[in-house]
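See below for the structure under consideration.
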Amino acid sequence: MKRISTLLAMALCVILFASCDKDPVNEWQRFWGYTKADLIGHYDANPDESLYETLPTAGVKVYPNASVEVIDLSENLVSVRLTIPGTVNIVFSGTVYSASDNSDFVLANGNDDIRMTVYKNNKGDVRFHGVQKRYFYDANHVLDHSNNYGFDVIKKAAQ
């Protein structure tokens, strides 16, 4: 009887330790083939602080207080406003190209562009992880440097 109790206790310990050592599940998946309707709306800064620990990418300063507004203009045209308080307030306009092999959204405006990877979770929330770049050129029109403003924002699905 003592041997059965010991084996049962050991088996229970193994099960408990195995269940505690699982990798965290990533709730966000790339959103392939998004449409303009999927993107329209207001995006607030991602509240998941752990995301910002692994950033920034070299040369990109990430701002955890960014917001994005995507407004429907007409047909497939949208207006995208990126706001980083005290740093950036810029508007881009352009076309949403929907394709089943595309999960990136890119718009340009003069010496600026905005590049975002689009994600979606099982709750229907949409997330942009991206960077806005401002390019600076020398007198010979050769790229001198760029300022890179990173952000991660989420639009909650309608409840």
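The values are calculated or read from the model by the stated rules, or taken from the named source; none is laboratory data. Note that the structure is a prediction, hence the values are computed from the model and not measured. Quick reminder, even Gly has a Cβ in these numbers, built from the backbone with ideal geometry, and neighbours come from all protein chains shown. These accessible areas exclude ligands, DNA and RNA; they are computed on the full protein's heavy atoms, side chains included. Shrake-Rupley method; radii C 1.70, N 1.55, O 1.52, S 1.80 Å.
Brief remarks on what is shown
- Evaluated against (1) at pLDDT below 95; (2) in a strand (DSSP E or B); (3) open to solvent by 70 Å² or more (accessible area, probe 1.4 Å), Gln159 falls short on exactly one condition, (2).
- Residue ID - modelled with the lowest pLDDT, chosen from residues in the range 38-54 that are in a loop (DSSP other than H, G, I, E, B) and open to solvent by 90 Å² or more (accessible area, probe 1.4 Å): Thr54
- Pairs where the first residue, in the range 38-50, is farther than 25 Å from Ser98 by Cα and touching a residue at least 12 places away in the same chain (Cβ under 8 Å) and the second is crowded, with 17+ Cβ neighbours inside 10 Å and of a type in the set (D, E, K, R), C-beta under 8 Å, 6+ apart: none
- Checking each residue of the range 135-152 against the condition of being in contact with an Asp or Glu (Cβ under 7 Å, 6 or more places away or on another chain) and either among the basic types (Lys, Arg) or within 22 Å of Trp28 (Cα to Cα) (or both) gives no match.
- Listed by first and then second residue, the pairs with beta-carbon distance under 7 Å, at least 6 apart or on different chains, first residue in the range 86-110 and more than 16 Å from Asn147 (Cα to Cα) and of a type outside the set (Phe, Trp, Tyr), second open to solvent by 50 Å² or more (accessible area, probe 1.4 Å) and modelled with pLDDT under 90, are Thr95/Asn76; Val96/Asn76.
- Selection from the range 116-145 of residues that are of a type in the set (S, T, N, Q), touching a residue at least 24 places away in the same chain (Cβ under 8 Å) and either assigned to a strand (DSSP E or B) or out of contact with any strand residue (DSSP E or B) (no Cβ under 9 Å at 6 or more places or on another chain) (or both): Thr117, Gln132
- Any pair with Cβ under 7 angstrom, 6 or more apart, that starts in the range 55-70 at a residue that is farther than 25 Å from Gly94 by Cβ and buried (at least 17 other Cβ atoms within 10 Å of the Cβ) and ends at one that is of a type in the set (Lys, Arg) and at pLDDT 95 or above: none
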